[in-house]
Amino acid sequence: MNTGDLHLLTGAYVLHALSPEEHAEFERHLPGCPSCSQEVRELAATAGRLASAVAVTPPAALKLQVMARISAERQEPPQIPRQSRRGGSRAGRALSRFALAASVAAAAAFGGVALWQHQEARDARDVAERAQTRAEELAGVLAAPDATVTSGRLTDGATGTVVVSRGRDEAAFLVSGLPEPPAGKVYQLWFADGDVMRPAGLMDPSDSTSAMLMDGPVDGASGMGITVEPAGGSAQPTSEPLALMKLPV
Amino acid sequence: MKEAVHIGGPASAGPDLQELLGLVARGDQDAFSQVYDTVGGAVLGLVRTVLRDPAQSEEVAQEVLLEVWKSAARYRPSRGSAMTWILTLAHRRAVDRVRSAQAATHRERRAALLERTPAYDEVTEQVEARLEREQVRRCLRGLTELQRQSVTLAYYRGLAYREVAELLSVPLGTVKTRLRDGLIRLRDCLGVSV
């Protein structure tokens, strides 16, 4: 295909209407053709307007599912622009060789240091893996086909949402806008079986916007609640609940 | 829970969304939540328009938003607005899904295509009925019949230009140029500048 023909493909290209081969050929052509690149930018923005014109209101559960999934998903590292990449990686290699030499010297001088560092790194990985598993379970509840969503307002304008999957016998609690608990206190979740409250986990005090898997099976719980408890949590609620929510059956 | 429908075009979602994506690239979940509020409606709407199946559409929309989270660091402002970048990802994913769902062999694919033949008039009508932006509707009307059919079949139905040509019984070269001059006319009508 000659260059003139390629230039005519800008429209089909931004609409993803080319065959894979033509798409690849056009992308090879693009960097060397400033006028094509400019036209592609403009036509892609135009296509975006066609998308905005068919916007809908997404179901509330979609956001919960997406937010739960991103917390379990590792991100790509920032990219170094192509032109400086070669130089950058060379500098990186030199640095790491230097760092390796330095750590070998340090290990010789201080004996056990290298081993201890290795141990610490492994612990961090275990923690990360545990968090990952928990986040995946959380995502599982939110994505369960029978998941039901109930939202309520807590004191101080915070919003709490409980997602229950009776099939998985699990529940998740999501909260946004919750102030930090007073010093030495923690937010505790509860399942309510009639009048009886059963502990369902402590919230991470450092995280005011979070989603967590509630501890224990849902069983026949008819409701859930959240209270402020002394650090470490309590076996029974010791304060008035900030919110009580009925669970859908 | 109430959520606003976002119908603002890429032009109105300029620097804010771009800044938010920068934060998202550094793992900021609150920033991602705001990105979701800004683009979620358009992403789902576009994917649903292309795929039509609601359950599959939500699944693909989730994949798109997850990709935004994972690859936010890859966004380059010099190549266009953040909104355009996200909607391009969404369209790419929806089109991939449509094409992989279609029959694997050429014969089945052709049969599937012919089955859809009567759809295009109806397609354009449905799409137009759902257009929330008067301006886009007006500008689509300003295209020639062939431009409008080519652009809407390719964009809203995810057809390759060869399929558009087959469906409308016009030469390949004609569809190629109609897709381009149709979009150019839309660009000028909508006042898109980058």
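Near residue B:57, once Lys and Arg are set to +1 and Asp and Glu to -1 for all other residues with Cβ below 10 Å from its Cβ, the sum equals 0. Descending by average beta-carbon neighbour count within 10 Å, the peptides B:84-97, B:148-161 line up as B:148-161, B:84-97, the highest first.
In the stretch A:3-52, taking the dipole from charged Cβ atoms about the Cα centre, the farthest positive-side position among A:24, A:46, A:13 is held by A:46. Over all other residues within a Cβ to Cβ distance under 11 Å of residue A:20, the charged ones net out to -4, with Lys and Arg as +1 and Asp and Glu as -1.
Counting only Cβ charges, +1 for Lys and Arg and -1 for Asp and Glu, the dipole size of the stretch A:3-52 around its Cα centre is about 240 debye. Packing here is the average count of other Cβ atoms within 10 Å per residue, and on that basis the peptides A:160-172, B:41-53, highest first, run B:41-53, A:160-172. Other residues lying with their Cβ under 10 Å from the Cβ of residue A:239 contribute a combined charge of -1, Lys and Arg counting +1, Asp and Glu -1. Our summary gives the stretch A:148-246 a relative contact order of 27 percent, counting only alpha carbon pairs under 8 angstrom and 6 or more residues apart. Once the convex hull of all Cα atoms in the stretch A:3-52 is built, its volume per residue stands at 65 Å³.
Per residue of B:60-70, other chain Cβ atoms within 10 Å of the residue Cβ number 4 on average.
None of the figures in this text is laboratory data; all of them are computed from the coordinates on show. Just so it is clear, the model here is predicted, and its values are computed rather than measured. Here Cβ is always computed from backbone atoms with ideal geometry, including for glycine, and neighbour counts include all displayed protein chains.
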